[in-house]
Amino acid sequence: MALNISLRQLVVFREVMRSGSVSEAARILHRTQPAVSTMLAGLEQELGFRLFDRKGNRLIARPEAHFLLEEAHGVLERFTRSIQLIGEVSQLQLGELRIACLPAASLFLMPRLVSEFARARPQVTVSLMSGSSAAVQDWVASQQFDLGIAEVPEARDAIEIELIDLECVCAMRRDDPLARRDEIGPHELDDRPMATLFADHFTRRQTAQAFEQAGARLRQRFELRTFISGFDFVEQGLAYCICDPISAASYRIYRGDLGTLTFRVFRPAIPYRLAILRPAHKPPSRLASEFLETTAARIREFAGEPGFGVEPLSPQSDRATTNLRKGRRARASPRAASATKRTA
């Protein structure tokens, strides 16, 4: 049976559930109380069952109302996101090469790659936009951009994906005793204050799993939206941070010799997967194709480039950095392992 339910009814219903009363919902929505009551009654009539028990002036939500609230919230959020996306379509000033990327890549990685590409092409114009991975995926899917750099999305018919496998590194102060090690693991960070991303992020889950399997305690002191925002806590000696190599390389470029942080290989490896996204139903321009040819390789080089990513301590660790640049897990030799043990 097809239901004739309007978005306006869902908005009214959600506000009544949030505020707990018709009068408060009417005030927030700038509507009269009878109008809100009529909307609710119409919604219940269309659904064919009651959403609230009415006791005097009070509304008591029934179990069906709580279920509908979750669905209504999802519908309204998707609608709001779609409207925002449609608005951005008309506002974005698109150049011949249009690139969207997540914030960590927008600071230094993509500007460096674009500079290298545009230097020999003075007539090329570039639109470089930054947004969350979800926003980048939507922009690419809607064909607003030629390519995007984001964390790995769920499969979508409108997007083609090229994966880039990297590994997280551990940020610490240069004068920290742990900085004498080539590699850092959960045991070295056991019960030490950490700056990590929010609980739902895949790096946070994988870090917690690595600590749990090692029998070490992951003590989160600072919760972050981006790794780069946590580097100040590390500089102040307030925490350690297991971060993505793009953020680490960006810090080294930004701070240069003035930087007080260094980065070490973390074991067991915490994978950090990026994706190069391209519209599936739009053939790339020749310009975009040429840029895409070297993008993945340059991202790997950027993440593992000596002086920008993991700072080598010795020939053995320098070889490990070279392997990291190629996106492979470094395997230290027995001699390097014993040297590391003596250093510790």
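For the stretch 102-126, how many residues meet the condition of being more than 21 Å from the chain's Cα centre (by Cα) and of a type outside the set (D, E, K, R)?
10
Considering only the stretch 217-238, I want to know if a residue exists there that is at positive phi and touching a residue at least 40 places away in the same chain (Cβ under 8 Å). The answer is yes; a qualifying residue exists. Of all residues in the stretch 153-175, exactly one satisfies the criterion of being surrounded by 16 or more Cβ atoms within 10 Å (Cβ to Cβ), assigned to a loop (DSSP other than H, G, I, E, B) and at pLDDT 90 or above, namely 168. When the residues of the stretch 111-130 are narrowed to those that are surrounded by 15 or more Cβ atoms within 10 Å (Cβ to Cβ) and within 14 Å of residue 288 (Cα to Cα), which ends up modelled with the lowest pLDDT? Result: 124. Picking from residues in the stretch 259-288 that are small (Gly, Ala, Ser) and closer than 19 Å to residue 141 by Cβ, the one that is surrounded by the most Cβ atoms within 10 Å (Cβ to Cβ) is 275. The condition of being out of contact with any strand residue (DSSP E or B) (no Cβ under 9 Å at 6 or more places or on another chain), farther than 21 Å from residue 150 by Cβ and surrounded by fewer than 23 Cβ atoms within 10 Å (Cβ to Cβ) holds for only one of 210, 214, that being 214. Take the conditions (1) in contact (Cβ under 8 Å) with a residue 24 or more places away in the chain; (2) open to solvent by less than 30 Å² (accessible area, probe 1.4 Å); residue 201 misses just one of them, which is (1). If you check residue 149 against the conditions, is it aliphatic (A, V, I, L, M) and closer than 18 Å to residue 288 by Cα? So residue 149 fits the description; yes. Mind listing whichever residues of the stretch 242-274 are touching a Leu at 6+ places or on another chain (Cβ under 6 Å) and of a type in the set (Gly, Ala, Ser)? Within the stretch 242-274, just 250 meets the criteria. Residues in the stretch 131-152 that are outside any loop (DSSP other than H, G, I, E, B) and closer than 18 Å to residue 82 by Cα: 133, 134, 135, 136, 137, 138, 139, 140, 141.
For residue 318, state whether it is modelled with pLDDT under 50, of a type in the set (Asp, Glu) and out of contact with any Phe, Trp or Tyr (no Cβ under 8 Å at 6 or more places or on another chain).
Criteria met by residue 318.
Restricting attention to the stretch 26-48, the residues that are open to solvent by 90 Å² or more (accessible area, probe 1.4 Å) and assigned to a loop (DSSP other than H, G, I, E, B) total 2.
Within the stretch 21-62, the set of residues being of a type in the set (Gly, Ala, Ser) and in contact (Cβ under 8 Å) with a residue 40 or more places away in the chain comprises 61 only. Could you tell me which of the residues 227, 233 is open to solvent by less than 40 Å² (accessible area, probe 1.4 Å) and of a type outside the set (S, T, N, Q)? Exactly one of 227, 233 is open to solvent by less than 40 Å² (accessible area, probe 1.4 Å) and of a type outside the set (S, T, N, Q), namely 227.
The values are calculated or read from the model by the stated rules, or taken from the named source; none is laboratory data. Predicted model only: the values in this text are computed from it and were never measured. Glycine gets a Cβ as well: all are built from the backbone with ideal geometry, and neighbour counts include every protein chain shown. In case anyone asks, the SASA skips ligands and DNA or RNA and just uses the protein heavy atoms, side chains included. Shrake-Rupley method; radii C 1.70, N 1.55, O 1.52, S 1.80 Å.
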